[in-house]
Amino acid sequence: MLIKGLCDYYDILKERGDVVPEGYSLVPIKYKISLTEEGNIDEIVSCQEEVEIGGKKPKLIPKDMLMPKRTEKTGIDANVIEHRPLYIFGLNFTDGEFTPDDRTNKARNSHEDFVEKNLNFIEGLDFPVINAYRKFIQKWAPEQETGNQYLLDLGKNYSNSGYVFFLSGEPEKLLHEEPQIKARWNGEIAKRNEAEEGAYMAQCAISGETAPIARIHGKIKGISGGLSTGGVLIGFNNASENSYGNEQSFNSNVSEKVMIKYTEALNYLLKGGKHKISLDDVTVVFWAMSKNEGYEDNIMSMLMGNQNEDGGVDAEEMIRDILKRSTALAITEKELNKKFDDLDPDTDFYIVGLKPNSSRISIKFILRKRYGDILLNIARFQVDAQVTKPLKLLPLYRIRKELVSPNSSSEKINPALLSKLFEAIMYDIRFPVSLLEIIVRRVKTDKYVNEARAGLIKAYLNRNEKEEMKLALDYENKDQAYLCGRLFATLERLQKNALGDINATIKDKYFSSAAAKPATVFPTLLTLAQAHLKKLSSEGNKVFYNKLIGQIIDNLEDEFPSILPLADQGKFIIGYYQQNQEFFRKKEDREEQ
């Protein structure tokens, strides 16, 4: 399903003109090398662009250039019209110095391969910039250029940069864009395709056509935590994986044509931030089977809390519209069409979770569903996750943050939990039980609950336990655990009003115990409350707290619950949070409620 979906999306990208032509690849270039007619370096100039990301200080970003397809083979293998400095210059940069030799002679061997391949490629071509390039290759001697000032000026930027060439005085006429170079390279591509036709023919498992089968699949780049050189989605390295004598990726029966399509489409999706988000080690990629990119804008808005300036839906406005009805199910397909203009709710939408490992890329989940269904399911989740007013969307990065300790910068979430959570949101199905376990444990351990944690608990209880936890404080809720949470929040507020800021509050000492075993804690807390009431300076405050505590206790049964199961601990936390928030609401808002 995934490979076929990517191939179909490639056809859409090709129609839009967004994919790289066959035999070419986009290469990030930082510097342009100016050559004199004699083949000497005249200067090295930066072609990076300043880009402001997320309102932070502008950052220099390499310029992507379309060049002859770069090699993805392991070991030493030079490109035609090379862009990598080790091949071009044959020099290592270590501790502020350039050296032509190392223990393995990799720099020397790389440069020699570059010289041989590129001289053979441009043989017989005659044009000023090509002639200058030829002379540069013939004249450059790495061992004599260790003190080259142009390279020394680059310093540590030397090694991690891409380079292109031009003739002095003509900086816009780049070597790799010269028509003679492009014509010869296109001829090379045609020859390779002809040569491969007889290599290994079989029926492609994706297209159904009899075609040359790909032996090695292209690298996928841009996955969080993956190698900078990329990884393969399909690959066979061990003899035990061979089937019917087929070695390497001949096992997969994916044709060369299909391989190029799916790798190009996936690399396009992973480039930039329009079609992907990262959650710990899992990179989530999504796309709609449409030329209109408004689908992705809207999904990004709903998942990440963005209000996209390029036409994406105002996610908070959509949630407000749904909240005006009693349930998220009340929004109809007709209303959806009106809200999102020309977006078709029947369009297929894909969401894929990818995680790198030592040998290849693993797929954590694949979701395919109607766009309209996915958008509504995300909206239902956002509605369920609201615990107080005003409305605050719960983006995925916030969920990730609340599942780990606030004191840890390296703790990671189990990818299996992320996969199940994603599935639950997208398909409107039950959440994994481990979600509630982790959130409740975090609240009890950290002694801290916010709208995000309370919202996740509320969403879980409403969906998995079929509860009807409401938005804001529910005075009609007689659930014992919910009332215990409200009572604890009231006693904590009373203590603060009576004693002011103190080193250890009842929350610091008793919260975890009260959430799990109310009967062992609340008698002590009520005794303390009597002492706190006496210290209140205002008679009005005494009446207020006496009345509120009495109302809550009256709704409790004869005694406090001895033990609260996990789901009830969740209700305790929501009751505690909503009662706390009620203390900060304006009087007119409370009267309206």
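The values are calculated or read from the model by the stated rules, or taken from the named source; none is laboratory data. These figures come from a predicted structure and were not determined experimentally. Note: ideal-geometry Cβ built from the backbone for every residue, glycine included; neighbour counts use all protein chains shown. In case anyone asks, the SASA skips ligands and DNA or RNA and just uses the protein heavy atoms, side chains included. Shrake-Rupley method; radii C 1.70, N 1.55, O 1.52, S 1.80 Å.
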(request) Give me a count of the residues in region 110-132 that are over 27 Å from Thr74 (Cβ atoms) and part of a helix (DSSP H, G or I). (result) 5
(request) Check Lys470 against each of (1) closer than 14 Å to Tyr576 by Cα; (2) touching a Leu at 6+ places or on another chain (Cβ under 9 Å) and name the one condition it does not meet. (result) (2)
(message) Which count do you get for residues in region 26-45 that are touching a Pro at 6+ places or on another chain (Cβ under 7 Å), open to solvent by 60 Å² or more (accessible area, probe 1.4 Å) and not in a loop (DSSP other than H, G, I, E, B)?
(response) 1
(message) Can you pull out every residue in region 435-454 that is under 22 Å from the mean Cα position of the chain (by Cα) and farther than 16 Å from Ala515 by Cα?
(response) Leu435, Ala452
(request) Might you check whether a residue that is in a loop (DSSP other than H, G, I, E, B) and either modelled with pLDDT under 90 or not polar (S, T, N, Q) (or both) occurs anywhere in region 415-426? (result) no
(message) Anything in region 46-70 that is part of a strand (DSSP E or B) and open to solvent by less than 40 Å² (accessible area, probe 1.4 Å)? List them, or say none.
(response) Met65, Met67, Pro68
(message) Asp77 - would you say it is in a loop (DSSP other than H, G, I, E, B), over 16 Å from Trp140 (Cβ atoms) and not basic (Lys, Arg)?
(response) yes
(message) Given the condition at negative phi, of a type in the set (Asp, Glu), surrounded by fewer than 21 Cβ atoms within 10 Å (Cβ to Cβ) and touching a residue at least 60 places away in the same chain (Cβ under 8 Å), answer yes or no: does some residue in region 417-431 qualify?
(response) no
